[in-house]
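The values are calculated or read from the model by the stated rules, or taken from the named source; none is laboratory data. If you're wondering where the values come from, they're calculated on a predicted model, not measured in any experiment. Glycine gets a Cβ as well: all are built from the backbone with ideal geometry, and neighbour counts include every protein chain shown.
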Amino acid sequence: MNIIVVKNEQELAQKAYDIIANMIEQKPNGVLGCATGGSPVGIYELMRKNKPNTSGITTVNLDEYINLDFANPKSYHYYMNEELFAHLPFKANYLPNGMKENAEEACADYEKVLEAHPVDLQLLGIGENAHIAFNEPGTSFESTTHVIELTESTRQANRRYFEREEDVPTHAITMGIKSIMRAKSIVLVASGEKKADAIKAMIEGEITEECPASILQKHNDVTIVVDEAAFSKCEKSKLDVVMA
Ligand code: F6R
C-alpha cells in the first residue's frame with residue numbers, strides 16, 4: 001500500500017484528483033470506478049474545475065440504493081449527475097439499477113457491465129466500520145455484485161442525507177469485494193477522526209472479512225490518501241508513509 005498523509009481535505013482532494021487525472025491522460029479510453037458520499041466531493045469539484053479530457057472515459061459506480069428513484073436527489077444516479085456527469089462529457093456512465101424489479105437480475109446485469117469494462121482506476125471511500133462500497137463487515141471476499149442489507153451504523157452515517165430516519169434506505173446493490181479487487185489500481189480516500197479506527201484496521205489489522213477494507217492489503221496497486229486525523233491511530237513508525 002502506498003500511503004499519503006495530507007493536512008486537510010483540500011490537499012486530499014488535490015492528491016486524489018492528480019492520480020485520477022494521470023490515469024485519464026495515460027488511458028484516454030480507460031475505465032474509472034466512481035464512489036459517492038462525502039469523501040469524493042472535493043475531487044469531483046476539481047474535475048469540474050479542471051475539466052480533464054473525459055470524452056473517451058467510461059465510468060462505473062460502486063453502488064446504488066434499492067427502490068430510490070433516479071430522480072430522487074438522494075439516489076446515487078442523481079448525485080453522480082449533479083457532481084460530474086452533467087458537467088463533463090463521458091463515453092458512458094454505469095451504475096447498478098436499484099429500480100429493477102428483480103434486484104438479483106440487476107446484479108447479474110451489472111457484473112456483465114464490469115466484465116465488459118474492466119476498471120483501470122477505482123476510487124473508494126471507507127465506512128466507519130471499514131466497509132468499502134456497501135460491503136459490510138462479514139461480506140465474503142469472494143462476493144461479486146450483490147444485494148446487501150445496510151447495517152444500522154451505515155444507516156446512521158447516511159442519516160444526514162435524509163429528512164427522516166425512516167427514509168434512509170435499508171438495502172442497496174453493491175459491487176462485491178471480488179469485483180472491486182479486479183480493478184488494476186485503487187485509490188482510497190478518508191478524512192476525519194471518525195475514520196481513524198477503520199483506517200488503522202485496514203492498514204495494520206489482520207486481513208479478515210470482519211474488516212472488508214483489509215483485503216486491500218492484498219492488492220498490488222493501492223494508494224491510500226488520508227488526512228492526519230484519519231491517520232492518527234496508525235503507528236506511523238511502522239509504515240512507509242509519504243507526508244505530503
Ligand atoms: C459510496 C460508498 C461508500 C462510501 C463510504 C464513506 O459509493 O461506496 O462505501 O464511500 O460509506 O462515505 P463518506 O465518504 O460519505 O464518509
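Quick look at the values:
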| quantity | calculated |
| --- | --- |
| Condition check for Glu166: part of a loop (DSSP other than H, G, I, E, B) and among the charged types (D, E, K, R) | no |
| Number of positions in the stretch 202-215 that are more than 13 Å from Ile132 (Cα to Cα) and part of a helix (DSSP H, G or I) | 2 |
| Qualifying residue in the stretch 92-101 (condition: touching a strand residue (DSSP E or B) at 6+ places or on another chain (Cβ under 8 Å) and closer than 30 Å to Phe231 by Cβ) | no |
| Which listed residue is within 15 Å of the ligand (Cβ to nearest atom), free of Cβ contacts under 8 Å to residues at least 60 places away in the same chain and of a type in the set (A, V, I, L, M, F, W, C), from Leu123, Leu88, Leu84 | Leu84 |
| Members of the stretch 172-201 found to be touching a Leu at 6+ places or on another chain (Cβ under 7 Å), in a strand (DSSP E or B) and within 16 Å of the ligand (Cβ to nearest atom), listed by number | Ala172, Thr174, Ile186, Val187, Leu188, Val189 |
| Any hit, the stretch 152-170, residues being among the hydrophobic types (A, V, I, L, M, F, W, C), within 12 Å of the ligand (Cβ to nearest atom) and in contact with a strand residue (DSSP E or B) (Cβ under 6 Å, 6 or more places away or on another chain) | no |
| Residue list for the stretch 141-172, restricted to those being surrounded by 13 or more Cβ atoms within 10 Å (Cβ to Cβ), in contact with a helix residue (DSSP H, G or I) (Cβ under 7 Å, 6 or more places away or on another chain) and within 23 Å of Val187 (Cα to Cα) | Phe141, Ser143, Thr144, Thr145, His146 |
| Contacts under 8 angstrom Cβ, first residue in the stretch 200-222 being in contact (Cβ under 8 Å) with a residue 40 or more places away in the chain and within 26 Å of Asp120 (Cβ to Cβ), partner among the charged types (D, E, K, R) and crowded, with 16+ Cβ neighbours inside 10 Å, 6 or more apart | Pro212/Glu136 |
| Output for the stretch 91-120, where each listed residue is away from the ligand (no atom under 16 Å from the Cβ) and in a loop (DSSP other than H, G, I, E, B) | Lys91, Met99, Lys100, Glu101, Asn102, His117, Pro118, Asp120 |
| Cross-chain or 6+ apart pairs with Cβ under 7 Å, the stretch 9-31 first and modelled with pLDDT of 95 or more, then of a type in the set (Ser, Thr, Tyr) | Leu12/Ser191; Ile19/Thr223; Ile24/Thr54; Val31/Thr58 |
| Matching residues in the stretch 58-85 - criterion: being among the hydroxyl-bearing types (Ser, Thr, Tyr) and not in a strand (DSSP E or B) | Ser75, Tyr76, Tyr78, Tyr79 |
